[in-house]
Structures are given as structure tokens and as C-alpha cells.
Amino acid sequence: MRLRIINGRVIDPANSIDSVQDICIANGVIHAIGPSLGSASRDFTADREIDAENQICIPGLVDLSARLREPGHEHKATIASETRAAASGGITTLCCPPDTAPIIDTPAVASLIRNRAIAAGYAHVVPLGALTQGLKSEHISEMAALKEAGCAGVNNASRHINNAHVLRCAMEYAATQNLTVFLNPEDYWLRNQGCMHEGMVSTRLGLPGIPESAEIAAVARDLILIEQTGVRAHFCRLSTARAARMVARARYEGLPISADVSAHHLYLTEMDVSDFNSQCHITPPLRTQRDRDGLRASLARGTITAICSDHQPHERDAKLAPFSATEPGISALETLLPLSLRLVDEDILSLSDTIACLTHQPAKILGIHAGTLSIGANADICIFDPNHYWTLTAKTLLSRGKNTPFMDWEFKGKVTHTLLGGKIVYEWMG
Amino acid sequence: MTYYNIQFDKNGCLKHFLTIEGLKRQLLIDILDTAESFSGVTTQSIKKVPLLRGKTVVNLFFEPSTRTRTTFELAAKRLSADVLNINVTASATSKGETLLDTLHNLQAMHCDMFVVRHDRGGAAHFIAQHVAPHISILNAGDGCHAHPTQAMLDMFTIRRHKKEFSQLTVAIVGDILHSRVARSQIHALTTLGVNEVRVIGPETLIPCEAETLGVHVYHDLREGLRDVDVVIMLRLQHERMKGALLPSEHEYFRLYGLTEEKLAYAKPDAIVMHPGPINRGVEIDSSIADGPRSVILEQVTHGIAVRMAIMSMVLSAQTSSRSNPEGEIN
């Protein structure tokens, strides 16, 4: 199908585009992009035209972390259900961590996930391979084979690596294979039995706390090993301002590292847990307002270059227990864009920089060709109405996981169309 | 937020008793006054009043307890309620039943009040949020979060001996970090307007940012006890010795165990309290536990009157909200 999107404000930070342009799509790729009524657009015969007047056209979002729960946890969600939800949130590429069951430590599991995503047809799914076999932090995984099977990097998900020797070897081996190591920095012993940020609120609620030092001690260790091994590394889901400053300094000193933050860590704080709200039970935990402001500042300074959903859908029962007995995580695909857009309204980031944190910058971290509207690129496109107000409800949420602290929140900015490889995979019937 | 409102019904009456935090001073005083009127009942030869006749109270204990459960049972029986004791650790959860399943099953038996103890913080709030609207929840201890009836019986005991809260300096000694009793006591004492609350213990047993609770932190027992009116000793759980928090019972007793010599720093008429069960020779010397300034056994006695007061107040709110369906504020 040949498609033309007209009258939309096109924002493509990778190509420094921010103007009203027409986008012509043929054979699943961007065929031409140019001023409205320009020759490239005029000469293009389209089967269908989308009028994006007063809307914004951006590259499809690239989400650095989304649990799809398949294989192994289909009672929570499936690749089909979650990629469909992703499409409705304007996300066209999802990176899934290796803690499926079975774990992504063999090429077969990586292929299975990619094939199921292709069969579902809503979004590209890029798996991360296991850093260690079975994520047990004992033996390094067959990284070369995982890379050949399409893994964009290696990661130990949220399983701790207590043995620094194992981590060092894994980093050295990953460097040999030219793979990025994705790290979830948390010290197992300092985390202890904690289930929320250790601070004023944990003291009041009597809930076991996770100290700030659990994150910064892990970042400090990891930075030393990154420096020694020369591996390219990415810090996933920073939650403290201090860890972000350490990453900033290391980047300044030239270490090949990057970092991301989840959208909810840019909004919520420990205070949101104060009524034992299990929807705010998250790992890493929601921290102080100072941390939240520090993470926002790091985003503005370019230390943190990606915002991800950290999507973790759960069945209802997983959150129906006393706080510390619930499973951590938020169903977050459909709030990634509108939450990020709030940063623009709050003058934290420009619109273009916000889009960059959701598109080509995470794509660059994954080392994949995505997140741009360059001629010849895959026509993965998100069109949204920046001024449309809508309310998040369990009924409208497409993800199988209804676990979100943002239920009944009003958001501004609604995805109207999502294109994957030139095919419309979501269209809002508002 | 629900956290503060969930304890009250639409008429503003106390419906659940989950935590002291957020309750008004006058309500705490009402509880103490009501308990005072019940304390006569508990010493009469016929120890029953018919206030809760026909009501069913379920003691739902997910964690073992002797004293708290027994005094709740006695309190309910003296108010003429029917009492059911359920020890859940030994039954349902070991068969894989969830907390909500257990709750729904008990709810189906048409009970009026659940007295809940659970090892997870927030369990009583969780149950109050999910229980049928006609059932009241009394928190008998949830994790390290709250034990509000214990705190109220402690306030009752303090008032019996000290009258005016605003003049008092109270020291709470020991494992504040893991103590739901200490948290509830701190909220009760600060709400009742005491002059100063001190917490005393090694840094490993003091929760982080403890000052935000409105207390002063001391690490030296002698210094912390100086001129206090009330000394509350906390039980030190034996399992705390297994980890890295403390070196040994011996050193703990040497630094934080209450002895005659250390108690001499407090005011001459200072009283010594302990929520029990006491570890003699770990946190308190026997001569003090059994001595003239100890009010430890009085606390147990007062527990019955205070729990009667809270049960009757909560269940009278149930009755008034039914007879007042329009929700007018009384």
C-alpha cells in the first residue's frame, strides 16, 4: 500500500526536522518527505491519504524495556496482547529483557519471541539475551549465538550479580562479541528485604527500605569494571540522582556508557506509596522528590538519553495483597508518550528532545536502524494529537495488565495512528 | 487520600482502627475516657456489659500471639459479643489460599468485626479496603507498621500515673526499626502533645530519618534517660542477633539494658513500661521489671478496658451509620 500523510507537523530529531511536511510511504519504507504540495509529494500517487492537520508525526517510539510475559507467564500477558497495546501507544519497537521462562539464554527462545512478534504484526520486538546462563550469575551465556539470533545486547534482568569476577568475565566476553551490556544496578545485600525506598515514608510505614546506596554502590562497581574491560554498557532504570551524576562524570571521562529512566520515575516519588498503594510497588523503587528532580535534570543535560516504559503487566491478583507481598511493576506502554509529553508542558525538555529520548536515542543504544524518518527507513510512524485530553481507564487500556497508578488520570496527547513498516497497526476511532 | 479517610465512615465516626497516625487528639482522649469508664467493669464481680450482644468478633491472627489475642478475646466477651479465634498461619495460607480468599470466606459467615494481626505492614489497611462495608477492622499489629491498641493502652497507663501529657518527656528504648509498637506510640504521644519523645538505641536499630516522626534520637542510654518521666523498653527479638545489626546480647544489655544505675538518670518518679513479653537480662534487669516503678503488668490489665473502649466505639459507629442512612453528620 502506498500512503501519504499530509499536513502534519513532522518532528524527526535525528534529521533535525520540525516543520509541516508530507510523508510518502511505499513498500513499507519512507519514500519521500518534503514540504506540503512540493513536487515529491505531488508526484506520488497514494492508495490512502492520512490528514494529520494539527497533529504531530514522529518516528515510532522505541521502548528499551517491556516485559511481554511470553513465553512462560501467559497468565499475565502475551506478545500479541502487549504489542497491540504498544501500537496503541505509538510504540513500534520494544526491547524485552531475558527473564522469560524459559530464559532467553538460547537462540531458540530469542527466535521464538521474534517470530511470535512477527506473527502478531503490531510491533518489532528486539530481545536482550541473558548475560549469564539461566540468569544464575555463574556461567556466561553463549553471547555470539544470542547475537546471531537477533539479541541487541546482553542483560541479567533484575537478577543480581554478586560475584564481581563473573561480571567482569561477562563484560570482557561481551566486549569481544561487540555486544552492549545492559545493567540493572542494584546491590543485593544492600537491597536486603527492601520493598520501597528507604527514607521518611518507609520509616512511617514500617516497610523494609532499599537504601540509595543499593543503587550507587552497584553503579560504582560496574563503572570500575566497564573502565577495565572497555565494554559498551547501558545502565537501565536509574532511580537516584546520585547514580545519574556518577554516570554523567564517567561519560565526561569518556566511558562508553549510556543510561535510561522509566517515565514513572520522572513523576512519582516515595510519597505515592504512603497509602500502601501496591500499584506503586516498583523495582527500582520510587525515591525522593530530590531524586525525581535530579533524574529530570540529567535528562535535560543529556546524561540520560532515553525514557522507557519499563512495562510490567500483571494479572489482578499479583497486586491484591499487602504491599510487600505484591509483585513489583507497572503496566506502562500506553502512558509512555503522554507522560513524556508532560515534560514539555513542565518546561523540562523541548518537544524535539523529548521525542529524541523516545525514538532515535534509544534506537542508538540498541544499535538498531529505527527511530528516524530518513528516506529509505522503515515506515514506523506515530501520529498523535498533542492537544487531545483523555482519561486512562481499565476499559480503554489495551494491555492485559491493568496495574497502573495512573488509572483515572487525565492525559494530554493521544496517539491517533501507528504505522509499522508502512502498515496501519493502530488507528484511533475516537 | 484513602490512607487517612479509610478509618472513618461517611458520618466521620471511627469505623476501622488501623493506625494512630492521622487521628485527632480529641478522638484519642475520647478513647481513653471511654476506657476509663470500662475499667470499672473489668474489676466488678460480674464483668459483663451487653453493648455488643449479638455481634460476632473474629480474632484473625496470621502471626502467633498470646497476650494481645487473649485481651481482645476478653474485651469482646465482656462486651457480650460472640468470639471466634482463627489462627491462619496453621490453616488456610499453608494450603495456598490467598488472604482475600480467607477474608471472603469469613465474611460469608456474617461477622461484624475482624481483629487482625499479620506479619506484613499494611495488611490491616489492605483488608479494610477489601472487606464488605458492614465489617470493621481492628489492627492488632501489622508487620513493623502499627499496633494502635497497644499504643492506646500505653497512653492509658501513662495517664493513670502522670495526668498531664503536655508536661511529659517520654523515652522509647531499643529496636525502634522493627517496632510497630514504637511507631504507634510515637504517633499517639505526639498527637496527645507530650513535651518530648526520645528514641534511644544503636543506629542499626533506629529507622532512617526518624526525626521526621517528631522525635529526638539518642544513642547513649544514660544521656537519653536524663530527666524523663516515662521509660518505654521495647522487646529485642532474638533473631536480631543473627544478622549484622547487633554484636551480642551481652553488649546490648551493657549499652541499652535498663538497670537501676541507668534508671537513676530518669526523674525519681519515672515509670517503666514494656509491651511484653520481656527478655529479662537482655533489655531489662529483673529487679526493675519486678520493681516498684514498673507498670508492666498494669499495662496488660488496661489492655482489656482500652480494647473494650475501641470495640464499642467502632461498633456504635456501625449502628449509628445504619440508623442514619442519609449520612447526616452527627
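The values are calculated or read from the model by the stated rules, or taken from the named source; none is laboratory data. Keep in mind that what you see is a predicted model, and the values were worked out from it rather than measured. Cβ sites come from the backbone with ideal geometry, for glycine too, and all protein chains shown count toward neighbours.
Number of residues in the stretch A:191-208 that are within 14 Å of chain B (Cβ to nearest Cβ), buried (at least 17 other Cβ atoms within 10 Å of the Cβ) and within 25 Å of A:ARG67 (Cα to Cα) equals 4. Only residues that are over 18 Å from A:LEU339 (Cα atoms), part of a loop (DSSP other than H, G, I, E, B) and more than 21 Å from the chain's Cα centre (by Cα) were counted in the stretch A:378-430, giving 5.
Quick grid of which residues meet (1) crowded, with 22+ Cβ neighbours inside 10 Å; (2) under 22 Å from the mean Cα position of the chain (by Cα); (3) of a type in the set (Gly, Ala, Ser); (4) farther than 21 Å from A:GLN289 by Cβ:
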{"residue": "A:ALA175", "(1), (2), (3), (4)": "no, no, yes, yes"}
{"residue": "A:TRP189", "(1), (2), (3), (4)": "no, no, no, yes"}
{"residue": "A:ASP222", "(1), (2), (3), (4)": "yes, yes, no, yes"}
{"residue": "A:ALA244", "(1), (2), (3), (4)": "yes, yes, yes, no"}
{"residue": "A:PRO256", "(1), (2), (3), (4)": "no, yes, no, yes"}
{"residue": "A:SER262", "(1), (2), (3), (4)": "yes, yes, yes, no"}
{"residue": "A:ASP275", "(1), (2), (3), (4)": "no, no, no, no"}
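Is it the case that A:ALA220 is modelled with pLDDT of 95 or more and either part of a strand (DSSP E or B) or under 25 Å from B:ARG120 (Cβ atoms) (or both)?
Numbers: modelled with pLDDT of 95 or more: yes; either part of a strand (DSSP E or B) or under 25 Å from B:ARG120 (Cβ atoms) (or both): no.
The answer is no for A:ALA220.
Just one of (1) in contact with a Leu (Cβ under 7 Å, 6 or more places away or on another chain); (2) part of a loop (DSSP other than H, G, I, E, B); (3) away from every other protein chain (no Cβ under 14 Å); (4) buried (at least 24 other Cβ atoms within 10 Å of the Cβ) fails for A:LEU349. It is (4).
Got at least one residue in the stretch A:141-152 being at pLDDT 95 or above, closer than 14 Å to A:LEU225 by Cβ and either among the β-branched types (Val, Ile, Thr) or in the same structural domain as A:GLY230 (by TED's automatic domain parsing) (or both)? Before you say what the answer is, go through the steps one by one.
First, pick out the residues of the stretch A:141-152 that are at pLDDT 95 or above: A:141-152.
Then keep just the ones that are closer than 14 Å to A:LEU225 by Cβ; that gives none.
No, that holds for no residue.
Of the residues making up the stretch B:49-67, those that are more than 30 Å from A:LEU205 (Cβ to Cβ) and either surrounded by fewer than 13 Cβ atoms within 10 Å (Cβ to Cβ) or outside the structural domain of B:LEU315 (by TED's automatic domain parsing) (or both) number 3.
When you check B:VAL88 against the structure, is it at pLDDT below 85, touching a Leu at 6+ places or on another chain (Cβ under 9 Å) and either under 30 Å from B:SER166 (Cα atoms) or surrounded by 15 or more Cβ atoms within 10 Å (Cβ to Cβ) (or both), yes or no? Yes, satisfied. Of the residues making up the stretch B:181-216, those that are in contact (Cβ under 8 Å) with a residue 24 or more places away in the chain, farther than 21 Å from B:PRO247 by Cβ and either within 12 Å of chain A (Cβ to nearest Cβ) or part of a helix (DSSP H, G or I) (or both) number 15.
Checking the condition touching a helix residue (DSSP H, G or I) at 6+ places or on another chain (Cβ under 8 Å), surrounded by fewer than 17 Cβ atoms within 10 Å (Cβ to Cβ) and of a type outside the set (Val, Ile, Thr), which residue from A:ALA164, A:ALA157 passes? Going through A:ALA164, A:ALA157 in turn, just one is touching a helix residue (DSSP H, G or I) at 6+ places or on another chain (Cβ under 8 Å), surrounded by fewer than 17 Cβ atoms within 10 Å (Cβ to Cβ) and of a type outside the set (Val, Ile, Thr): A:ALA164.
If a residue has to be in the same structural domain as B:ARG120 (by TED's automatic domain parsing) and more than 17 Å from the chain's Cα centre (by Cα) to count, how many in the stretch B:137-183 make the cut? Matching residues across the stretch B:137-183 total 0.
Which residues, taken from the stretch A:47-61, are within 20 Å of the chain's Cα centre (by Cα) and assigned to a loop (DSSP other than H, G, I, E, B)?
Kept after step one, since they are within 20 Å of the chain's Cα centre (by Cα), are these residues of the stretch A:47-61: A:57-61.
Passing the criteria: only A:GLY60.
Each residue in the stretch A:141-165 was checked for being closer than 19 Å to A:HIS234 by Cβ and assigned to a helix (DSSP H, G or I), and 4 of them qualify.
Determine if the stretch B:272-291 includes at least one residue that is out of contact with any Lys or Arg (no Cβ under 9 Å at 6 or more places or on another chain), closer than 19 Å to B:CYS144 by Cβ, loosely packed, with under 14 Cβ neighbours inside 10 Å and assigned by TED's automatic domain parsing to the domain that holds B:PHE165. No, the stretch B:272-291 contains no residue that is out of contact with any Lys or Arg (no Cβ under 9 Å at 6 or more places or on another chain), closer than 19 Å to B:CYS144 by Cβ, loosely packed, with under 14 Cβ neighbours inside 10 Å and assigned by TED's automatic domain parsing to the domain that holds B:PHE165. Taking A:CYS236 as the residue in question, decide whether it is among the hydrophobic types (A, V, I, L, M, F, W, C), within 14 Å of chain B (Cβ to nearest Cβ) and either over 26 Å from A:CYS357 (Cα atoms) or out of contact with any Pro (no Cβ under 6 Å at 6 or more places or on another chain) (or both). Against the criterion (among the hydrophobic types (A, V, I, L, M, F, W, C), within 14 Å of chain B (Cβ to nearest Cβ) and either over 26 Å from A:CYS357 (Cα atoms) or out of contact with any Pro (no Cβ under 6 Å at 6 or more places or on another chain) (or both)), A:CYS236 does not qualify.
Could you grab me the full set of residues in the stretch B:118-140 that are within 9 Å of chain A (Cβ to nearest Cβ) and either hydrophobic (A, V, I, L, M, F, W, C) or in a strand (DSSP E or B) (or both)? Residues satisfying the conditions are B:HIS118, B:ALA123, B:ALA124, B:PHE126, B:ILE127. The residues on offer are A:ALA87, A:ALA66, A:ALA52, A:ALA32, and the sole one that is under 17 Å from A:PRO127 (Cβ atoms) and crowded, with 17+ Cβ neighbours inside 10 Å is A:ALA66. Condition check: under 16 Å from A:HIS265 (Cα atoms), in contact with a Ser or Thr (Cβ under 8 Å, 6 or more places away or on another chain) and not in a loop (DSSP other than H, G, I, E, B). Does A:CYS357 satisfy that? It is true that A:CYS357 is under 16 Å from A:HIS265 (Cα atoms), in contact with a Ser or Thr (Cβ under 8 Å, 6 or more places away or on another chain) and not in a loop (DSSP other than H, G, I, E, B).
Within the group B:THR98, B:THR42, B:THR34, which residue is buried (at least 16 other Cβ atoms within 10 Å of the Cβ) and modelled with pLDDT under 85? Break it down stepwise before answering.
On the way: B:THR98 fails: buried (at least 16 other Cβ atoms within 10 Å of the Cβ); B:THR34 fails: modelled with pLDDT under 85.
Just a single option satisfies the conditions, and that option is B:THR42.
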